[in-house]
1. With each run of n ≥ 4 DSSP H residues scored as -39500 (n - 2.57), what mean residue ellipticity at 222 nm is computed for the chain after dividing by its residue count and rounding to the nearest 500 deg cm²/dmol?
2. Given the chain, what count of lysine pairs have C-alpha atoms under 30 Å apart, with each pair 8 or more places apart or on different chains?
Amino acid sequence: ITEDDRMHYGNPNPKFTLGFNLGINYGSFDFSTFFYGSFGNDVWNDFKYTFDVFPSQLFLTPKSKTALYHSWTPDRPDAKAPLVENDQNFSNASVVNSYSLEKGTYFRNKSMILGYTFPKNLLQKFRIEKFRAYLQILNLFTITNYSGTDSELSGTSTAFGIDWAGNYPNNQVQYIIGINLNF
């Protein structure tokens with residue numbers, strides 16, 4: 001096997017991305033939401049490689065449930081994960097295979113805000129010009145088939161398209177209560 005036998009597969013660049021903003025006001029209420037999606041990109045799921053394909057004795061990484069019960073053996077020729085090996089060799093340490101490559105397509109509601117602005121006649125007694133209270137929800141939902149923690153890769157990695165094992169995801173649902181106050 002030489003360099004000529006290598007195949008390039010996967011593309012971390014999405015075919016297209018989109019964003020959609022919607023804002024509505026009704027009386028003293030306001031509502032806005034922002035959706036974002038990335039479609040057609042591939043992601044290398046390093047978590048799957050680290051724990052399913054090559055659980056390293058050197059780095060003391062444990063074997064996953066997939067590695068223990070769903071990897072290839074002569075008794076499981078149609079297994080969903082490749083053969084698990086405990087020692088580094090050409091087939092597991094110096095080359096990668098397509099097992100850890102996944103579609104990174106996702107569609108996410110990044111932000112949703114519901115606000116209420118109090119009437120000016122109630123605020124004049126307190127010399128307040130404007131008072132608005134709001135509830136904001138970040139990352140309300142994500143639609144994806146990606147098995148990793150977050151297909152919207154973030155962090156400090158310079159390796160584009162790689163979801164490193166242990167990379168902290170950026171998709172936690174957050175609830176924020178806030179006020180805007182003008183005097």
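Just so you know, all these numbers are worked out from the coordinates, no wet-lab data involved. From a predicted model like this one, the values you see are computed outputs, not experimental measurements.
1. Working: 2 runs with 9 residues, N = 183.
Helices in the chain give a 222 nm mean residue ellipticity of -1000 deg cm²/dmol.
2. 16
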